[in-house]
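The values are calculated or read from the model by the stated rules, or taken from the named source; none is laboratory data. Just so it is clear, the model here is predicted, and its values are computed rather than measured. Positions of Cβ are generated from backbone atoms using ideal geometry, with glycine treated the same way; all protein chains shown enter the neighbour counts. Just so you know, the surface numbers come from the protein's heavy atoms only, side chains and all, with ligands and any DNA or RNA stripped out. Shrake-Rupley method; radii C 1.70, N 1.55, O 1.52, S 1.80 Å.
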Amino acid sequence: MSTSSDRHGHTHRLDLADATVREWDATVVASDAEQGIVLDRSAFYPGGGGQPPDEGVLLWGGVRTRIAGTRRGDELYLVPVEGDPLPPPGTAVRGALDDERRTALMRTHSGLHVLTGVVLRDFGAKVTGGNMEPLVARMDFDLPEVPPDFKDRVAEAVNTELAADRPIRVRTLPRAEAYAIPDLIRTATDLLPPDVEEVRIVDIVGLDTQADGGTHVASTAMVGRVEVVKMESKGRGFRRLRVRVV
């Protein structure tokens, strides 16, 4: 989940406006071995909502600095691989994401939105937790009674929706307008901070609308297929689905 702001500290968040950006030019605002590197413009997704941060490189003056992840604080800090050189403040750099990792995470994240949309629509169950890595994930649902063939029915419904090639659209709305959308908050507990005035919405047209701050593909067909690998009972009516995107 996220506010609609396209800035984090001094950094303009390119990833929020256009998830297809993989390379861009930027200037180093701050650079510190302990804190990390702050850019004026960045497409590195910092992680959140279950989606891990991006990895990639900064190229500057014939030098390559590998970025192992991102840390949120008062600024959006890019975390360099230990031992790699730090570009000084004021340096012009070329940023580049690990395209294979980011694209896999986008496919996975969009696939999980289809999964949660199907489970809410067909079984009335909300999410209690989840985690993803590139092309693999788990989602936990509050589902006291498990219907017959639940795993197979979910897989079939999810892949039907993926094949329907539904557009996936991102927009921002004022908080009051966003909360008028039924089932906007997909988790069993509302995790949206009370001070957030505008809400970023991810809409899988005709299937699912929810608050979300992550990156997504442009349509469900771009996900591919989702295999529901396993269902586990985690006690107190919580069910865990482990999935793989292929």
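For the range 14-38, a residue qualifies if it is closer than 15 Å to Asp74 by Cβ and either in contact (Cβ under 8 Å) with a residue 40 or more places away in the chain or in a strand (DSSP E or B) (or both), and the qualifying residues are Val29, Ala30, Asp32, Gln35, Gly36, Ile37, Val38. Just for the range 225-240: of the residues that are in a strand (DSSP E or B) and touching a helix residue (DSSP H, G or I) at 6+ places or on another chain (Cβ under 6 Å), which one is most open to solvent (accessible area, probe 1.4 Å)? Filtering first and then ranking leaves Met231. Flag: Asp195 does not match the condition of being part of a loop (DSSP other than H, G, I, E, B), under 28 Å from Glu232 (Cβ atoms), of a type in the set (Asp, Glu) and modelled with pLDDT under 95.
Across the range 207-224, the qualifying residues are those that are under 11 Å from Ile168 (Cβ atoms) and part of a loop (DSSP other than H, G, I, E, B), and the one among them that is modelled with the lowest pLDDT is Asp212.
For the range 151-170, enumerate the residues that are in a helix (DSSP H, G or I) and buried (at least 20 other Cβ atoms within 10 Å of the Cβ). Listed by number, the residues that qualify are Val154, Ala155, Val158, Asn159, Glu161, Leu162.
Looking at Val57, Val93, Val118, just one residue is of a type in the set (Val, Ile, Thr) and open to solvent by 10 Å² or more (accessible area, probe 1.4 Å), and that residue is Val57.
Taking every residue in the range 147-167 that is at positive phi and pairing it with any residue that is hydrophobic (A, V, I, L, M, F, W, C) and assigned to a helix (DSSP H, G or I), at least 6 positions away or on another chain, the pairs with Cβ-Cβ distances below 7 Å are Asp165/Ala221.
Within the range 211-246, the residues that satisfy the criterion of being acidic (Asp, Glu) and either over 16 Å from Val127 (Cβ atoms) or touching a residue at least 24 places away in the same chain (Cβ under 8 Å) (or both) are Asp212, Glu227. Being at negative phi, modelled with pLDDT under 95 and hydrophobic (A, V, I, L, M, F, W, C): is that true of Val57 here? The answer is no for Val57.
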